[in-house]
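Worksheet: one structure, shown below.
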């Protein structure tokens, strides 16, 4: 029986995989800590944070589909800014304006996608790992942090 697994031309090395795992755990730890310390109404905050998480997932899913269908193409710098910028702006907005669900939802998205990227050995930016799992096809965007590590590991 044939299973449709994502076809990834390259995988990440030990440092890239370990780094993604460590940062994923840290981001999820921050998410849980902030929620436990700051939440006044846990049920509302969980639902609101889950909505933000789903919204971010949909944004990256649409980017994934656009890249997959070749509707858009991005250069490495533009791709890195796109990949990191969207969730970074949302996370920063939640943090600086003290909107707990926005911060928690975006931080949880980054943590979960880092762990998925580590587990699946996806190169590039972690934000594309959840859409890759959803569609069974990985489309990579470069990452400001992990792409240089992936490139160094490829060379060695």
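Please indicate, with yes or no, whether at least one residue in the stretch 37-54 is in a helix (DSSP H, G or I), under 21 Å from residue 143 (Cβ atoms) and free of Cβ contacts under 8 Å to residues at least 24 places away in the same chain.
no
I need the full set of residues from the stretch 109-139 which are free of Cβ contacts under 8 Å to residues at least 60 places away in the same chain and farther than 12 Å from residue 24 by Cβ, in order please.
124, 125
So, in the stretch 77-97, exactly how many residues are surrounded by fewer than 24 Cβ atoms within 10 Å (Cβ to Cβ) and closer than 17 Å to residue 147 by Cβ?
11
Just checking, how many residues over the stretch 133-156 are on the phi > 0 side of the Ramachandran plot and not in a loop (DSSP other than H, G, I, E, B)?
0
Of all residues in the stretch 98-122, which are crowded, with 24+ Cβ neighbours inside 10 Å and not in a helix (DSSP H, G or I)?
Hit for the stretch 98-122 is 122, nothing else.
Let me spell it out: the conditions are (1) within 16 Å of residue 127 (Cβ to Cβ); (2) at pLDDT 95 or above; (3) touching a helix residue (DSSP H, G or I) at 6+ places or on another chain (Cβ under 6 Å), and residue 16 meets all of them except one. Which number is the exception?
The one condition residue 16 does not meet is (2).
Being within 16 Å of residue 123 (Cβ to Cβ) and part of a helix (DSSP H, G or I) is the filter here, so list the residues in the stretch 69-81 that pass it.
Across the stretch 69-81, the qualifying residues are 76, 79, 80.
What number of residues within the stretch 33-56 satisfy the criterion of being over 23 Å from residue 86 (Cβ atoms), surrounded by 14 or more Cβ atoms within 10 Å (Cβ to Cβ) and modelled with pLDDT of 90 or more?
The qualifying residues number 0.
Of all residues in the stretch 140-156, how many are farther than 23 Å from residue 94 by Cα and surrounded by 19 or more Cβ atoms within 10 Å (Cβ to Cβ)?
Residues that pass the stated criteria total 7.
I'm told residue 27 meets every condition in (1) farther than 17 Å from residue 130 by Cα; (2) surrounded by 13 or more Cβ atoms within 10 Å (Cβ to Cβ) except one. Can you identify the failing condition by its number?
Failing condition for residue 27: (1).
The values are calculated or read from the model by the stated rules, or taken from the named source; none is laboratory data. Not measured: the values here are computed from a predicted model. Note that each Cβ is placed from the backbone with ideal geometry, even for glycine, and that neighbours are counted across all protein chains shown.
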